[in-house]
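Values in this text are rule-based calculations from the coordinates and carry no lab data. Treat the numbers as computed from the prediction; the structure is a model and nothing was measured. Cβ placement follows ideal geometry from the backbone for every residue including glycine, while neighbour counts extend to all protein chains displayed.
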Amino acid sequence: MGSFLNVVIYRVPLHQSIVKPRSACPMCHAPILERDNIPVLSWLLLRRKCRNCRSPISARYPVVELTCAGLFAGVAAREGFNWEVPAMLILVAGLLALASIDLERLILPKSIVYTTLGMLIIALAVDSGVTHQWHRLLVAGLCAIVWFIIFFVLNFLGPRYLGFGDVRLSLLLGLGLGWLGIRYVILGFFAGNFLGAIIGLLLIATTKRTKDEPLPYGVYLALGAALALFVGPEILVHFQGLR
Ligand SMILES: [Zn+2]
């Protein structure tokens with residue numbers, strides 16, 4: 001799945017098909033051999049270089065593959081064996097692809113947002129049907145709509161500060177976290193903004209970055225969502241009194 005996400009991350013922003021042709025080196029266009037297409041391992045064995053032209057292969061490939069493996073293992077460990085697992089795997093895979101693209105290009109392609117959203121709706125509907133928890137789907141839908149409206153207004157007031165990609169992303173985040181509960185939505189939102197502020201200040205302090213350079217807000221929102229998903233119960237237990 002991480003390998004596939006790498007194809008999505010590279011090709012979708014260039015408006016290329018994710019199905020064909022088969023993977024090739026972006027520099028010399030030599031097709032990647034079957035034996036050089038093993039996640040993580042091939043990158044190490046080839047010493048981070050294309051077999052044909054020796055141009056460097058981005059560290060993004062093994063990083064995305066390992067992160068995807070870690071996220072999937074995390075979802076499995078968190079969820080156990082139930083009908084929520086497919087939905088959460090779809091959510092983390094979609095967010096990983098979107099965050100990677102946002103980090104590299106400061107865009108969140110709507111085709112990926114809507115594809116992930118569609119798959120997530122189906123997975124949550126299946127879970128609702130099997131476990132008779134339609135009320136959770138209703139709450140999730142409402143969270144998505146409320147978050148969308150808030151971001152839509154913010155984008156309208158200051159499009160320079162909040163891009164429309166983030167407005168679309170809020171549907172995905174609201175639905176995925178809203179399924180877990182409204183508290184997870186609030187935690188994910190604040191955690192994302194908190195992480196964004198901290199990392200943004202660190203970048204300004206340690207690099208030549210200025211406060212006027214745009215930050216990949218989608219990356220921080222995805223990080224906040226991951227935090228809510230994986231350590232949400234441990235954090236929220238301290239806020240029981242606020243319910
Ligand atoms: Zn090459």
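One table, with the values for the structure above:
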item: Computed helical MRE - 222 nm, the chain, DSSP H runs ≥ 4 contributing -39500 (n - 2.57), nearest 500; result: -23000 deg cm²/dmol
item: Derived scalar couplings ³J(HN,Hα) [the range 209-219; Karplus, 6.51 cos²θ - 1.76 cosθ + 1.60; whole Hz; x for Gly, Pro]; result: 5, 10, 6, 7, 6, x, 9, x, 4, x, 5
item: Contact order normalised by residue count of the chain, Cα under 8 Å, 6+ apart, percent; result: 16 percent
item: Amide hydrogen neighbours beyond the local backbone of Arg209, cut-off 5 Å, H modeled; result: none
item: Chymotrypsin sites (Phe, Trp or Tyr not before Pro) within the range 48-142, DSSP loop, no more than 13 other Cβ atoms inside 10 Å; result: Phe81
item: 3J(HN,Hα) from dihedral phi, the range 104-121, Karplus parametrisation 6.51/-1.76/1.60, rounded to Hz, x for glycine, proline; result: 7, 10, 6, 9, 10, x, 5, 4, 6, 4, 6, 5, 4, 4, x, 5, 5, 4
item: Neighbour cut-off at most 16 other Cβ (10 Å), DSSP loop, chymotrypsin sites (Phe, Trp or Tyr not before Pro), the range 149-242; result: Tyr161
item: Whole-Hz ³J(HN,Hα) from phi, Karplus 6.51 cos²θ - 1.76 cosθ + 1.60, for the range 137-148, glycine and proline x; result: 5, 5, 4, 4, x, 5, 4, 4, 5, 5, 4, 4
item: Cut-off under 5 Å, modelled amide H: who pairs with Ala24 long-range; result: Ile32
item: Amide hydrogen neighbours beyond the local backbone of Lys49, cut-off 5 Å, H modeled; result: Ile57
item: Whole-number Å³ per residue for the convex hull built on Cα positions in the range 47-123; result: 114 Å³
item: Neighbour cut-off at most 12 other Cβ (10 Å), DSSP loop, trypsin sites (Lys or Arg not before Pro), the range 164-214; result: Lys208, Lys211
